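K.L.:
Here it is, the structure in full.
The values are calculated or read from the model by the stated rules, or taken from the named source; none is laboratory data. The shown structure was predicted, so the numbers you read here are calculated from the model rather than taken from an experiment. Here the Cβ is made from the backbone with ideal geometry for all residues, glycine too, and neighbour counts use every protein chain on show. With ligands, DNA and RNA removed, areas are computed over all heavy atoms of the protein, side chains included. Shrake-Rupley method; radii C 1.70, N 1.55, O 1.52, S 1.80 Å.
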Amino acid sequence: MEIQLELNLKQKLATRLGTLLVASLVYFCFCCDSAVASLVFAVLLALLLRSPTFVFALVMTAQRDIMALQRFLALNLYLLKRDRGGYTVAHCFQQLARSQPQKHCFVMDHQAITYAEALLLSQKVAGFFSEQGLQRGDCVALLMETRLEYPCIWMGLSQLGVITALINSNLRGESLLHSIKVANAKAFIFGSELMDVLQSLIANEQLPCIPVYQYTDKELRSVPGHELLPGAVDLSAALTTQQALALPPSCAAEEARSKLLYVYTSGTTGLPKAAVITNLRFLFMAAGTFYMLRLQRDDVVYNPLPLYHTAGGIVGVGMALLNGSTVVLRKKFSAKNFWLDCSRHNCTVAQYIGELCRYLLATPYTPEQQHHRLRLMYGNGLRPQIWSQFVRRFAVPNIGEIYGATEGNSNLINITNRVGAIGFVPIYGQKIYPVQVLRCDEETGELLKDARGHCIRCRPGEAGLLVGKVDPRRAVSAFHGYADKSDSEKKLLRNVFARGDVFFNSGDMVVCDILGYFYFKDRTGDTFRWRGENVATQEVEAIITNCVGLEDCVVYGVQIPHVEGKAGMAAIVDPERKVDMDYLSIVLRGSLPPYARPLFIRLLDEIPRTATFKLKKRELANEGYDLTSLADPIYYLNRDGVYRQLGRDQYRSLQAGTAGL
């Protein structure tokens, strides 16, 4: 609603501005004999008569687009040079390490590793596993918590052409086994801190019959619980005496497009999928952030995110491996210590994901939270509802919001501090840049087609499905899919605008305004239909979250027997049962139309989430409001607009279809 109002105002302003421009140009033309002036007048007049909104947007975004174009060209020149030269991540890092050997590469707590030390360790890893018989194209599974050596291990394996599967260290049981098997791992490396996970797999005879290598930190080798697992090779001890294996000085041109890593999707809707990350893809993601947000080599980047995911393990770690910045790591995110760490390590840049920003806002205010040197925070998922509050409270000068999936090619970035925007595309390049927004059914995500069977582009202000055109020749728009090829095909849309074209389906609903800014609306499938209207869950979640003191909240649709559509249900984390239902009722009545107000509210101790703090809706939606299986209190929206605890009689009438819905 707010976006639509803003668009209407801008369109009215555009028309008035167009009229003024025409009048000014007429005066200019008659007062000047210049042929060039007359030509400029003729061109602009034609544009104004055709589309005053277009001219308005062109003028308003000129400075933004020139700045973006300069940075985008520099990025593409960087990628082109490395693609044609066959550069891998390991080659890029070797050049950096030799140019600044004594500079800190990674810092964690009171420990640090220099570029020279990181290069030596990675070359020792390459030498050791070369002697173990690993060959190009083989895969090694890496299960380890964040530590200084983590990137060095997979980088050393990459020198041999070996792919590393970065396993989520929080996985257990079936999900962990699936991650190992889908990558077809030929060896397994684990950190001793996860000894119990391996012991459980071995006890249940679930671990595949592959070599196992254990890495133990020096200070933990004599600590009980970190003994060498029977049958495992002591990797940390072996590396102390291992000879380094140096990279060859040159590489083949195709090396840049070779597989580097498998990075797993979050697994919010089923088992994790192993996304293929090539060397060029890694270069694009890390260097893209560096160039578009104008990071500097002397920046100190704070990265409290896990290293097995894209945000922390590529976009974060890549600032050191490719761009020469020092990266400060943390084993686990801590809202209490976030600003203390930034101050202690003199960080100038920090990473975030949206949920972390909310956790930071939920901490008690202290003056020390502004005692930092940060000039930029970058990441993804900062909600518009808390954006301005976050910037003001913590005195962060610049926010760089990045949009993109691990495996996707629908890449956007906000470099102008535009509140709520996930990025932009210049209005004159919207049909050229591979990102498009297509009309679709908001509830099902099914694309709408014209009479010729082609998809339809959305107009400004219309919500639609974000897709990216696949072009394997370009790093910006290539799609490398998953280790499991059948999963790859499910993400592709074919014959979208013309026969033979291929687009990547992001699964995200977005809105684009007349200036070319994109705003995230919802995930397809998260939007549900109730009372003949589409309900966008993110909007409802934001209102409830602000009302209950920034506690976790998810909204989803649940099926009620004998009733068309899905009713809204909100799950709120409230272990102490402190939520004031009367107050929440008043807020929702005043903030949302009747169809968007959740019919049910569930209070629970904890919401299931992924390791990157994404909340799992599907499990909660499947559980619904079933009083026979749930012990959590569930509240029902009564006819007077007040939430009261759902009783057995009400539940039975809902199931029987006699509740009057």
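K.L.:
Hey, can you tell me all the residues within segment 470-506 that are farther than 14 Å from Ala405 by Cα and within 19 Å of the chain's Cα centre (by Cα)?
P.N.:
The answer is Ala475, and nothing else.
K.L.:
Whether any residue in segment 298-312 is of a type in the set (Gly, Ala, Ser), assigned to a helix (DSSP H, G or I) and either touching a residue at least 40 places away in the same chain (Cβ under 8 Å) or touching a Pro at 6+ places or on another chain (Cβ under 9 Å) (or both) is what I want to check.
P.N.:
Start the filter on segment 298-312 by keeping residues that are of a type in the set (Gly, Ala, Ser), which leaves 311-312.
Retained after the next criterion (residues that are assigned to a helix (DSSP H, G or I)): 311-312.
Now narrow it down to the ones that are either touching a residue at least 40 places away in the same chain (Cβ under 8 Å) or touching a Pro at 6+ places or on another chain (Cβ under 9 Å) (or both): 311-312.
Among the residues of segment 298-312, at least one is of a type in the set (Gly, Ala, Ser), assigned to a helix (DSSP H, G or I) and either touching a residue at least 40 places away in the same chain (Cβ under 8 Å) or touching a Pro at 6+ places or on another chain (Cβ under 9 Å) (or both), which makes the answer yes.
K.L.:
A further question on this structure: Any idea how many residues of segment 368-424 are part of a loop (DSSP other than H, G, I, E, B), among the β-branched types (Val, Ile, Thr) and within 13 Å of the chain's Cα centre (by Cα)?
P.N.:
We begin by selecting, within segment 368-424, every residue part of a loop (DSSP other than H, G, I, E, B); these are 371-375, 381-383, 395-398, 404-411, 415-422.
So of that shortlist, the ones also among the β-branched types (Val, Ile, Thr) come out as 396, 406, 415-416, 419, 422.
Then drop every residue that is not within 13 Å of the chain's Cα centre (by Cα), which leaves 406, 422.
The number of residues fulfilling the criteria is 2.
K.L.:
Can you tell me which residue in segment 338-359 is farthest from the chain's Cα centre (by Cα), limited to those that are over 26 Å from Arg294 (Cβ atoms) and open to solvent by 40 Å² or more (accessible area, probe 1.4 Å)?
P.N.:
Leu340
K.L.:
Being of a type outside the set (Val, Ile, Thr), part of a strand (DSSP E or B), open to solvent by less than 40 Å² (accessible area, probe 1.4 Å) and within 30 Å of Tyr428 (Cβ to Cβ) is the filter here, so list the residues in segment 508-551 that pass it.
P.N.:
First pass over segment 508-551, keeping only residues of a type outside the set (Val, Ile, Thr): 508-509, 512-513, 515-523, 525-526, 528-534, 536, 538-539, 541-542, 546-547, 549-551.
Still in the running and part of a strand (DSSP E or B): 508-509, 512, 517-523, 528-530, 533-534.
Cutting the leftovers down to open to solvent by less than 40 Å² (accessible area, probe 1.4 Å) gives us 508-509, 512, 517-519, 522, 528, 530.
Passing the criteria: Asp508, Met509, Cys512, Tyr517, Phe518, Tyr519, Asp522.
K.L.:
Among the residues of segment 564-578 satisfying the criterion of being open to solvent by 30 Å² or more (accessible area, probe 1.4 Å) and outside any strand (DSSP E or B), which is modelled with the lowest pLDDT?
P.N.:
In the first step, residues of segment 564-578 are kept if they are open to solvent by 30 Å² or more (accessible area, probe 1.4 Å); the result is 564, 566, 575-578.
Subset that is outside any strand (DSSP E or B): 564, 575-578.
Working: Glu564: 75, Pro575: 90, Glu576: 89, Arg577: 90, Lys578: 90.
In this case the residue turns out to be Glu564.
K.L.:
Could you list, in sequence order, all residues of segment 425-450 that are modelled with pLDDT of 90 or more, surrounded by fewer than 17 Cβ atoms within 10 Å (Cβ to Cβ) and in a loop (DSSP other than H, G, I, E, B)?
P.N.:
Once the filter is applied, which keeps residues that are modelled with pLDDT of 90 or more, surrounded by fewer than 17 Cβ atoms within 10 Å (Cβ to Cβ) and in a loop (DSSP other than H, G, I, E, B), segment 425-450 yields Leu448, Asp450.
K.L.:
Okay, next question. Could you check how many residues of segment 471-507 are of a type outside the set (Lys, Arg) and assigned to a strand (DSSP E or B)?
P.N.:
Here is the first cut: in segment 471-507, the residues of a type outside the set (Lys, Arg) are 471-472, 475-484, 486-489, 492-493, 495-498, 500-507.
Applying the additional criterion that residues be assigned to a strand (DSSP E or B) yields 482, 492-493, 502-507.
Counting residues in segment 471-507 that are of a type outside the set (Lys, Arg) and assigned to a strand (DSSP E or B) gives 9.
K.L.:
Among (1) under 21 Å from the mean Cα position of the chain (by Cα); (2) outside any strand (DSSP E or B), where does Val263 come up short?
P.N.:
Val263 satisfies all of (1) under 21 Å from the mean Cα position of the chain (by Cα); (2) outside any strand (DSSP E or B) except (2).
K.L.:
Quick one: which residue in Arg618, Arg589 is among the basic types (Lys, Arg), in contact (Cβ under 8 Å) with a residue 60 or more places away in the chain, part of a helix (DSSP H, G or I) and open to solvent by 10 Å² or more (accessible area, probe 1.4 Å)? If you could, list the steps in order and put the result at the bottom.
P.N.:
Values: Arg589 fails: in contact (Cβ under 8 Å) with a residue 60 or more places away in the chain.
Only one candidate qualifies: Arg618.
K.L.:
Of the numbered conditions (1) open to solvent by less than 20 Å² (accessible area, probe 1.4 Å); (2) at pLDDT below 90; (3) out of contact with any Leu (no Cβ under 6 Å at 6 or more places or on another chain), Gly379 fails exactly one; give the number of that condition.
P.N.:
(2)
K.L.:
Residues in segment 286-297 that are in a loop (DSSP other than H, G, I, E, B) and farther than 23 Å from Ser99 by Cα: how many? So that I can check it myself, show each step before the final result.
P.N.:
At the first step, the residues of segment 286-297 found to be in a loop (DSSP other than H, G, I, E, B) are 293-297.
Keeping just the survivors that are farther than 23 Å from Ser99 by Cα gives 293.
Qualifying residue count, segment 286-297: 1.
K.L.:
Let me ask something additional. Inside segment 630-658, can you point out the residues that are within 17 Å of Gln559 (Cβ to Cβ) and in contact (Cβ under 8 Å) with a residue 24 or more places away in the chain?
P.N.:
Leu630, Ile634, Tyr636, Leu637, Leu646, Tyr651, Leu654, Gln655, Ala656, Gly657
K.L.:
Further question: Considering every residue within segment 195-206, establish whether at least one is among the acidic types (Asp, Glu), surrounded by fewer than 16 Cβ atoms within 10 Å (Cβ to Cβ) and part of a helix (DSSP H, G or I).
P.N.:
Step one: list which residues in segment 195-206 are among the acidic types (Asp, Glu), which gives 196, 205.
Keeping just the survivors that are surrounded by fewer than 16 Cβ atoms within 10 Å (Cβ to Cβ) gives 196, 205.
When the remaining residues are screened for being part of a helix (DSSP H, G or I), the result is 196.
Scanning segment 195-206, I find at least one residue that is among the acidic types (Asp, Glu), surrounded by fewer than 16 Cβ atoms within 10 Å (Cβ to Cβ) and part of a helix (DSSP H, G or I), so the answer is yes.
K.L.:
Is it fair to say Met292 is farther than 20 Å from Phe93 by Cβ, in contact with a strand residue (DSSP E or B) (Cβ under 6 Å, 6 or more places away or on another chain) and open to solvent by 10 Å² or more (accessible area, probe 1.4 Å)? Please lay out each step first, then the result.
P.N.:
Values: farther than 20 Å from Phe93 by Cβ: yes; in contact with a strand residue (DSSP E or B) (Cβ under 6 Å, 6 or more places away or on another chain): yes; open to solvent by 10 Å² or more (accessible area, probe 1.4 Å): yes.
Judged against the criteria, Met292 is a match.
K.L.:
Right, another one. Using the structure shown, decide if Ala165 is open to solvent by less than 10 Å² (accessible area, probe 1.4 Å), part of a helix (DSSP H, G or I) and under 22 Å from Phe282 (Cβ atoms). Steps first, answer last, please.
P.N.:
Working: open to solvent by less than 10 Å² (accessible area, probe 1.4 Å): yes; part of a helix (DSSP H, G or I): no; under 22 Å from Phe282 (Cβ atoms): yes.
The answer is no for Ala165.
K.L.:
Are any residues in segment 636-661 in a loop (DSSP other than H, G, I, E, B) and either in contact with a Pro (Cβ under 9 Å, 6 or more places away or on another chain) or within 20 Å of Leu592 (Cβ to Cβ) (or both), and if so, which ones? Outline the logic, then answer.
P.N.:
The first filter runs over segment 636-661 and keeps only residues in a loop (DSSP other than H, G, I, E, B), leaving 638-642, 646-647, 657-661.
Scanning segment 636-661 gives Asn638, Arg639, Asp640, Gly641, Val642, Leu646, Gly657, Leu661.
K.L.:
Restricting attention to segment 57-71, report how many residues are surrounded by fewer than 18 Cβ atoms within 10 Å (Cβ to Cβ) and touching a strand residue (DSSP E or B) at 6+ places or on another chain (Cβ under 8 Å).
P.N.:
1
K.L.:
Next up: Considering only residues that are over 26 Å from Gly85 (Cβ atoms) and not small (Gly, Ala, Ser), which ones fall in segment 267-297? I'd like the intermediate steps shown before the answer.
P.N.:
The initial filter retains those residues of segment 267-297 that are over 26 Å from Gly85 (Cβ atoms), namely 267-274.
Selection gives Thr268, Thr269, Leu271, Pro272, Lys273.
K.L.:
Follow-up question, since we're still on this one. Looking at segment 226-255, which of its residues are at pLDDT below 90, open to solvent by 40 Å² or more (accessible area, probe 1.4 Å), part of a loop (DSSP other than H, G, I, E, B) and not hydrophobic (A, V, I, L, M, F, W, C)?
P.N.:
Glu227, Pro230, Gly231, Pro248, Pro249, Ser250
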